[in-house]
Every structure is written in structure tokens, then in C-alpha cells.
Amino acid sequence: MPSLRFTSPDITAYSAIEIHMESAKQLIVGALSGKAGAALLRPLMSGRATIFMLHRFHCPEAGVCGHDLGFVRAALEYLRSNKYELVSLRELYDRIAPDAPPVRRAVAFTIDDGYFDHAHVAAPIFSAFDCPVTTFLTTGFLDKQLWFWWDQIEYIFESTRRPSILVTFGPKKLELQVSEPISRAKAADDFTDFCKTLSTEDRRGVVTQLAGAAEVDVPASPPARYAPMTWDAVPPAEKRGMEFGPHTVTHPILAQSSDEQAAAEVAESWDRLQQEATNPVPIFCYPNGQFSDFGGREIEVVRHEGMRGAVSGEPGYFDRDQILRDSDERFRVRRFAFPDDLTDVIQYVSGIERVKQVLRGEA
Ligand SMILES: [Zn+2]
């Protein structure tokens, strides 16, 4: 019991409250995910579906720390045995049509970016549960033109032997303490968050500056743990039930790109994907994916390319009625980050999260 180690009565009390909250959540989830609870939640979930967003998959032999494979299997087992409908993202978009079967207890899985573990680790797991999954590919990454800037940052922070690193950006001075593992991990996270606010050019500049100050040589191509899947891995993954959609060429934040770059990133990634995939999904995925990372201009570009829709990284449900009311909504569909706890998975798919949204006053 970690709370026994605390000496302050306040902290012990707080810890006890935390434990009670956690038990209460499990009780509520347990009650509502049963038969009677499902009947109560059904009207709230009418026309709504859960789309999960995943990233890397645990692969210790390659040094990749990601989604726990046993947990992913347990979640798929739960969804299958509780008769959730596991659908592809494409199928979910088919269900928008007025004469299509209603969306009911539907769950779709998506994976972002196109790392090697998506084809080699994730595809067999989803296939074993006959669960469709859509992977969004950054085509320049598969074409070996780049490796991701956030991986370069992680690599620099892990490789440096300096106790601290100073990076400047305009009047801003970032003094990064990296002598201890905890401060190093926090500095890497803070620096990554800071980079998310910058344009592609500024970000490139500060990452180069970081590497110099950290005295780390960043190789031109990614070390094995950060490698992309190969294009050759795409057809076998498709045979296992994985589908592929476009996720730009170089993964820039589109809202911070010029008109020309934003249009080219969407068009060229879709063209490249159509050359390599047997049956690519005409649904786009915005890099970074918060509502501030794309806007009306990007929606127009994606629509102009003939896409049926696009997904964001903003949390929330796929909402058929909202999509029918507003023609832009199919280009800003929300997804939930895949949790690492079954109680949280149940909370999303059963609609308990919807109850919380209503209580919070969210539409
Ligand atoms: Zn991405």
C-alpha cells in the first residue's frame, strides 16, 4: 500500500479518497456495463460509436515501449465476448448513409504513423480477433525520407552525456536538466510539447540546436527502434485485415504550413498510398490532430482530394447525427486515445463516458 509510506495525515487522507474514487468508478462501470446498465445507456449511445487511436506497440526485442500486447488482447477479448460490433473505419463511414444499418455498440480501431511494429506486431493481434484496424501512414517516413522529430528528441535526450542542455528560441531560454532519469524524461516531454507549438522550420532549427548542445550526432536514418514499416509489409498486413489511410508525407502541423505545403502534403500522401496499397481508405488523419492543428482550409483540401472524411485526435465519439447535420463534421471526427486500463475501455465503449460528457454540459 503506497499510502502507508506517507507521514502527512493530509496526504494519507487524500490517498484514501483516491482509492475510494477508483473503487467507486469500478463499481459504477461494473453496474452500468451489465445488462440493465446497457439498456439505460442505449438511448445516449444511439448513432454513436467509439473510435480508438493507438500508436506504438510493445516490442522489447527492438527496444520499443508501447501498448501492452496482453492488454490489447484482453480488451479485444472483452469486446468480442460482450458482443460489441468491431467495424472498420470505412464501415463506420458507410453507416452514415440514411438507409445503412444503425450504428449500435460499434467500435473501430485506428493506428497512427506507420512504424514497423504496426505491421509486424499489431496486425497479427487484431487479425487473431478478426478485428479490422486502419493504420494511417506518413508516406515520406515509409519512403525513408525522414524520421520523426519526436523520436529524434527522445534519441538525443537518451544519448546525451551532458548534465544540462541550453536551447534558446528568440528571447526564450530553455535550461534542460538531464543528469537524472526522471528530470531527463520530464525535460524531453517538456521540450517535445514546446516543439508542438512551432512551425516546421522553427522546430527543425531548435532540434538541430538541441543536438549540438547535447553533443549528440543524429543519424540521417532512424535507428531500428524508430524505423517505419516497409511498403512490402503493406499487402500482407492488408490480407490480415489491416487497412491503410493517408497521414501526410512529412507529418507537419498543417495549420502552421503554407497553403501550398498543406495541399501537397494531403495530395501526395494520398497518391503515394494509392500506388502501394491494394484498397486504401479515402479517410485522412491530421498530424497531431488537435482542433487547433487544422481548420477550414485543411477540410477543403481533404474534401478536394475526394476523401470521404478525416479523423482528429480530439477525444469524443463518432456521432452520426452530428455528421448528418453539418457536412464538415465528417472531416473532424473524434477519437479516444486507447487507454491502458480495462475499466476505461468499458467506460468509453459502453457510453459511461457519454454520461460524463452530458453531466459536464458537453454537447
Ligand atoms: Zn501522427
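Every read-out reported here was derived from the displayed coordinates using simple, explicitly stated rules and does not represent laboratory data. No experiment lies behind these values; they were computed from the predicted model shown. Cβ sites come from the backbone with ideal geometry, for glycine too, and all protein chains shown count toward neighbours.
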Worksheet item: For the chain, what percent of Cα pairs sit more than 33 Å apart?
Response: 36
Worksheet entry | Semi-axes of the equivalent ellipsoid for the range 92-187, Cα gyration tensor, largest first, Å | 41, 17, 15
Worksheet item: Of Asp193, Asp99, Asp130, which has the largest mean-square fluctuation in a 10 Å C-alpha GNM of the chain?
Response: Asp99
Discussion item. Suppose each label sits 7 Å from its Cα in the direction of the beta carbon; what would the Gln177-Thr343 distance come out to in nanometres?
Written reply: 3.3
Fill in: Reachable lysines from Lys356, criterion Cα separation under 28 angstrom, eight or more residues apart if same chain
Lys25, Lys35, Lys83
Response to the item:
Here, Thr208 and Leu69, labelled 7 Å along Cα→Cβ, have an inter-label distance in nm of 4.0
Discussion item. Of the candidates Glu314, Glu154, Glu298, which one comes out as most mobile in a Gaussian network treatment of the chain with C-alpha springs shorter than 10 Å?
Written reply: Glu154
Discussion item. If I model a spin label as a point 7 Å beyond the Cα along the Cα-Cβ vector, how far apart are those points for Asn82 and Asp328 in nm?
Written reply: 3.5
Discussion item. How would the range 220-284 be classified by its alpha-carbon gyration tensor: rounded, prolate or oblate, with rounded meaning a/c under 1.5 and the a/b versus b/c comparison settling the rest?
Written reply: oblate
Worksheet item: Where the centre of each part is set by its Cα atoms, how far does the range 184-216 sit from the range 90-163, in angstrom?
Response: 24
Discussion item. Assuming 0.36 nm per residue, please report the length gained on full extension of the stretch Phe194 to Ser159 beyond their Cα-Cα distance.
Written reply: 10.6 nm
Worksheet item: Toward the positive end of the charge dipole of the chain, about the Cα centre and with charges on Cβ (Lys, Arg +1; Asp, Glu -1), which of Leu176, Leu342, Val72 goes farthest?
Response: Leu342
Practice prompt. Compare Val249, Val216, Val345 in a GNM of the chain, Cα atoms joined below 10 Å, and give the one with the largest fluctuation.
Written response: Val216
Worksheet item: Mean residue ellipticity at 222 nm from the helices of the chain, using -39,500 (n - 2.57) per DSSP H segment of n ≥ 4 over the full residue count, to the nearest 500 deg cm²/dmol?
Response: -13500 deg cm²/dmol
Fill in: Gain in span if fully extended, Val358 to Lys186, counting 0.36 nm per residue against the direct Cα distance
58.5 nm
